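Colleague: The structure's right below; bear with me while I get my questions together.
The values are calculated or read from the model by the stated rules, or taken from the named source; none is laboratory data. Keep in mind that what you see is a predicted model, and the values were worked out from it rather than measured. Neighbour counts run over all protein chains shown; Cβ positions are idealised from the backbone, glycine included.
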Amino acid sequence: MTLHGSNIAPTTAMPAQKPGLLARIGEELRFFAKLSAIMLAVLTLVWGHYKIPSESMQPTLEVGDHIYVSKFAYGYSRHSLPLGLHNLPLPDGRILSRLPERGDIVVFRNPNNGTVMIKRTVGLPGDEVRVTGGRLYLNDRPVPRETVGELLYRTRDPFRTVSGATEYAESLPGDEGAHPIFEHRDDGPLDDTYIFVVPQGHVFFMGDNRDRSTDSRVDRTDQFGRVMPDSEMGPGFVPVDHLIGRADALMFTFNRCDRSEGLRCPPEGRAPSFL
């Protein structure tokens, strides 16, 4: 539309007013609140951060290691929830459920006492697992292992004793490459077991430090049928819906080791690495 007769006075644009200090602070706070909510969702629902409290996964993981766990690797259940929310009256089962692969290091909730544990996947549904003379057998075949060497190290229990162990490189069927394990002796309480047949919907786990691990070889009761104390209850066969996630990366460590001559210690300040 064309205007004729320019008797209209031109208007002068008013400069935009800058927001006040309080308004700018409010905007910044809202931005960081949203960012924090996104980070919390990622770090608690997609990834989880866990600290290694015991030597049961030596030499792969040391006391004081901090790891990130992929919660989406095996799907989600109520046990994937952070901050104790798994105790809510939510249904059992798993969304987008996938089984671990043999050799995966998995964080899961002990179905017998609720403790969060970390172990290596050894047996899948239908597998037959047994230990004879300290040697692992899977489906009636010995799992290959090669001797790496003998070592001494100081334990992380209150007694801080010096313990001897043999390191082996063990190769599970279907696993890419070998993983290290410790064996202290071949006649310990868990070095001769009966045959475990892994039920459908369950997984069988073992620690890499075989004689220092309470794992699927131990259940609610001992070999005589006596109920174990809560602190000593193993997980037995672990239901798939109790899996929390796959340990994918070592991020940093606060491991402290006695570096006395002749004792094994992991390298100081180990760099972040994938597991």
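Colleague: Can you tell me which of (1) without any contact (Cβ under 8 Å) to a residue 24 or more places away in the chain; (2) touching a Ser or Thr at 6+ places or on another chain (Cβ under 7 Å); (3) closer than 18 Å to residue 203 by Cα; (4) not β-branched (Val, Ile, Thr) is the one residue 130 doesn't meet?
Modeller: Unmet condition: (1).
Colleague: Which residues, counting only those in segment 245-275, are at pLDDT 85 or above and among the aliphatic types (A, V, I, L, M)?
Modeller: Scanning segment 245-275 gives 247, 249, 250, 251, 263, 275.
Colleague: Quick test for you: out of 114, 103, 177, pick the one residue that is more than 30 Å from residue 87 (Cα to Cα) and of a type in the set (Gly, Ala, Ser).
Modeller: 177
Colleague: With the requirement that a residue be within 17 Å of residue 71 (Cβ to Cβ) and either out of contact with any helix residue (DSSP H, G or I) (no Cβ under 9 Å at 6 or more places or on another chain) or among the acidic types (Asp, Glu) (or both), what does segment 220-249 give you? Break it down stepwise before answering.
Modeller: To start, the set of residues in segment 220-249 that are within 17 Å of residue 71 (Cβ to Cβ) comprises 238-249.
The answer is 238, 239, 240, 241, 246, 247, 248, 249.
Colleague: Additional query: Of 90, 81, 124, 85, which residue is hydrophobic (A, V, I, L, M, F, W, C), surrounded by fewer than 21 Cβ atoms within 10 Å (Cβ to Cβ) and more than 29 Å from residue 229 (Cβ to Cβ)?
Modeller: 124
Colleague: If you scan segment 158-185, which residues turn out to be in a loop (DSSP other than H, G, I, E, B), in contact (Cβ under 8 Å) with a residue 40 or more places away in the chain and closer than 27 Å to residue 53 by Cβ?
Modeller: 160, 172, 175, 185 - these are the residues of segment 158-185 that are in a loop (DSSP other than H, G, I, E, B), in contact (Cβ under 8 Å) with a residue 40 or more places away in the chain and closer than 27 Å to residue 53 by Cβ.
Colleague: Tell me whether segment 133-145 contains one or more residues that are hydroxyl-bearing (Ser, Thr, Tyr), touching a Pro at 6+ places or on another chain (Cβ under 6 Å) and surrounded by 14 or more Cβ atoms within 10 Å (Cβ to Cβ).
Modeller: Initial filter on segment 133-145 (hydroxyl-bearing (Ser, Thr, Tyr)): 137.
From what's left, touching a Pro at 6+ places or on another chain (Cβ under 6 Å): none.
No, every residue in segment 133-145 fails to be hydroxyl-bearing (Ser, Thr, Tyr), touching a Pro at 6+ places or on another chain (Cβ under 6 Å) and surrounded by 14 or more Cβ atoms within 10 Å (Cβ to Cβ).
Colleague: Within segment 79-104, work out how many residues are outside any loop (DSSP other than H, G, I, E, B) and touching a residue at least 60 places away in the same chain (Cβ under 8 Å).
Modeller: 2
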